[in-house]
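Reviewing the structure listed below.
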Amino acid sequence: MKSNTVIAPRSLRPARHALRLGTAASLCGLVVGLGFATPAAAQEFTLHTEGMASFWLDKPQSVRFTPGGMMAIRPGVTLGRVVSMQWSYALLGAPAKKPYTEDGLAHFFSGGVRLRPFATLRPETENLGGFWVDANVGFVRTDTLNRFGLDAGLGYDFQVLPWLSLGPIVRYSQIVQPDHLTGFDPHDAQVFSAGLNLTFGPAHKVREEPPVCAPTPECVQVDKECAPTPECVQVAAVGCPDGDGDGVCDKVDRCPTQAGSAGTFGCPVDPCTGEPIVVLVQFGYDSTSLPLPKNKDPQTMDPVLDAVAAAIAQHPTCRVCIVGHASEEGLDDYNMDLSKRRAAAVQSYMTARGVAKARIPSTGLGEQCQMVPEATYELNRRVDFTRLEEGEACPTDCSK
């Protein structure tokens with residue numbers, strides 16, 4: 001895009017050059033900073049393609065060329081649901097205006113980052129849709145010249161197939177013209193483009209969860225898919241010792257001298273008068289949802305949680321802390337947050353049954369209090385109910 005029709009005074013060139021460098025440095029810092037600040041996650045490959053109409057924003061390009069078009073292809077790799085890195089090739093073309101005869105043609109080669117800031121608010125099945133922004137820096141080839149270039153875009157994609165989304169896009173592109181080239185106009189080429197973006201990517205895969213060994217009122221049994229474990233609560237009918245006669249084997253009974261429920265590992269359901277109790281709420285993997293009805297039966301834990309809520313309600317001065325736990329899969333900080341959200345889910349369930357929220361504060365201890373360290377997963381996705389003395393706060397470690 002050669003032009004020698006307008007030459008800026010030399011006194012203005014250093015200031016304009018500094019402004020260009022400042023803009024480029026800021027954009028580069030954003031790209032690099034966001035890339036390195038993003039936590040590692042499962043990586044997936046995506047492909048973005050763009051077709052746009054382009055319009056010149058400044059002279060001399062708007063004098064020499066008519067509006068044109070831009071096509072781009074941007075393969076990328078995700079670094080999580082919000083951030084992905086991408087590489088780009090774009091072709092910008094514009095026919096010449098009379099009396100000029102040479103058409104404009106520019107090849108963009110760049111790399112950058114794409115953000116989907118609201119991705120975590122959308123269903124995981126729509127992993128290709130929603131609002132996005134991106135920024136890219138690189139170089140531009142025009143005729144025989146290689147020059148610095150940058151661009152930024154934003155759009156909104158509608159997911160039409162599990163592996164395809166499409167939507168509108170607008171993009172600003174800038175080709176930086178050096179000031180020292182004799183015979184070339186020093187003004188940067190600035191282009192506004194609008195058109196359609198198509199995104200291709202892998203279809204969302206439903207996370208496979210470990211089989212759940214659901215507790216029943218009689219004992220904690222295992223599903224057919226689960227391998228039998230020594231921690232499974234058995235009834236006395238199979239011949240194991242059962243000192244309190246509650247149907248829970250002594251070797252797994254956490255209250256072997258007090259009759260209790262299998263859903264609370266043999267302890268009474270009243271945390272206000274007895275020992276702290278453990279309730280094996282069958283949270284799914286990476287989930288805070290209480291178990292859904294299975295085969296049209298009531299939720300497995302509802303009778304136990306209802307009984308605990310009723311017992312607390314009978315003691316107006318009793319305060320009980322709901323302590324959430326998580327199994328060892330995942331990062332420590334994430335499991336800590338997950339355990340707190342699980343405790344809050346149980347707290348919400350019990351407040352809906354008439355227990356004042358102030359009487360059942362909740363907290364989480366993550367994975368630090370493994371009940372069965374050598375066999376985690378289901379048995380450590382649980383909540384504990386611990387009575388609090390006057391003025392006492394929820395525990396912060398495993399000592400209570």
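What follows is calculated from the coordinates using simple rules that are stated; it is not laboratory data. Because the structure is predicted, anything quoted here is derived from the model rather than measured. Cβ placement follows ideal geometry from the backbone for every residue including glycine, while neighbour counts extend to all protein chains displayed.
Of note:
- Distance between the pseudo-spin-label points of residue 143 and residue 353 (7 Å out from Cα toward the beta carbon): 8.0 nm.
- Peptides 328-339, 78-89 ranked from most to least packed give 78-89, 328-339, packing being the mean of other C-beta atoms within 10 angstrom over each peptide's residues.
- Full extension of the chain between residue 59 and residue 122 yields a length gain of 18.4 nm, computed as 0.36 nm times the residue separation minus the alpha carbon distance.
- Ranked by the mean number of other Cβ atoms within 10 Å of their residues, highest first, the peptides 65-77, 165-177, 347-359 fall in the order 165-177, 65-77, 347-359.
- Assigned charges on the beta-carbon of Lys, Arg, Asp, Glu; region 66-149 dipole about Cα centre (debye): 100
- Going from the residue with the fewest nearby Cβ atoms within 10 Å to the one with the most, 116, 342 rank 116, 342.
- Report note on the peptides 90-103, 145-158: ranked by the mean count of other C-beta atoms within 10 Å, highest first, their order is 145-158, 90-103.
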